[in-house]
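Data block below; observations after.
The values are calculated or read from the model by the stated rules, or taken from the named source; none is laboratory data. Please read these numbers as outputs of a predicted model, since none were measured by experiment. Here the Cβ positions follow ideal geometry from the backbone for every residue, glycine too, while neighbour counts run over all protein chains shown.
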């Protein structure tokens, strides 16, 4: 049996956790909907997302995680086709959404007030 080793280009300071292809939504900082996504990997400090469609995004975004019911501020670190890597800046960036806000977020298109 071959032992799995860490890839040499691995730069994470925290281990990532593979998700079950959770769905999410990407929004502008002002709350306007940009696109849906799948959350592939997630760690305490960041995530790897696959966008539903190729799209040019601003550097700073908000990510809504459908499963966790959280809305996070994120900074785009890298882009490759439809995959993007984001980092969650330190501070109070992960916010649980309330029932009313969650109802607005679960649809395909939404705006965050």
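Of the numbered conditions (1) within 10 Å of the chain's Cα centre (by Cα); (2) crowded, with 16+ Cβ neighbours inside 10 Å; (3) modelled with pLDDT under 95, residue 51 fails exactly one; give the number of that condition.
(3)
Please verify whether region 75-88 includes one or more residues that are part of a loop (DSSP other than H, G, I, E, B) and at pLDDT below 90.
Of the residues in region 75-88, the ones part of a loop (DSSP other than H, G, I, E, B) are 81-82, 88.
If we keep only those that are at pLDDT below 90 as well, we get none.
Scanning region 75-88, I find no residue that is part of a loop (DSSP other than H, G, I, E, B) and at pLDDT below 90, so the answer is no.
Answer yes or no as to whether residue 71 is modelled with pLDDT under 90, surrounded by 14 or more Cβ atoms within 10 Å (Cβ to Cβ) and closer than 15 Å to residue 32 by Cβ.
Values: modelled with pLDDT under 90: yes; surrounded by 14 or more Cβ atoms within 10 Å (Cβ to Cβ): yes; closer than 15 Å to residue 32 by Cβ: yes.
Answer is yes for this residue.
Within region 17-29, is even one residue part of a loop (DSSP other than H, G, I, E, B) and modelled with pLDDT of 85 or more? Give the steps one after another, and end with the answer.
Restricting attention to region 17-29, the residues satisfying the condition of being part of a loop (DSSP other than H, G, I, E, B) are 28-29.
Cutting the leftovers down to modelled with pLDDT of 85 or more gives us 28-29.
Yes: one or more hits.
Evaluate the following for residue 40: is it closer than 23 Å to residue 90 by Cα, surrounded by 16 or more Cβ atoms within 10 Å (Cβ to Cβ), modelled with pLDDT of 85 or more and touching a helix residue (DSSP H, G or I) at 6+ places or on another chain (Cβ under 7 Å)? Full working, then the answer.
On the way: closer than 23 Å to residue 90 by Cα: yes; surrounded by 16 or more Cβ atoms within 10 Å (Cβ to Cβ): yes; modelled with pLDDT of 85 or more: yes; touching a helix residue (DSSP H, G or I) at 6+ places or on another chain (Cβ under 7 Å): no.
No.
Look at residue 57 and say whether it is part of a loop (DSSP other than H, G, I, E, B) and either modelled with pLDDT of 90 or more or within 14 Å of the chain's Cα centre (by Cα) (or both). It would help to see each step written out before you state the result.
Details: part of a loop (DSSP other than H, G, I, E, B): yes; either modelled with pLDDT of 90 or more or within 14 Å of the chain's Cα centre (by Cα) (or both): yes.
When the stated conditions are applied, residue 57 passes them.
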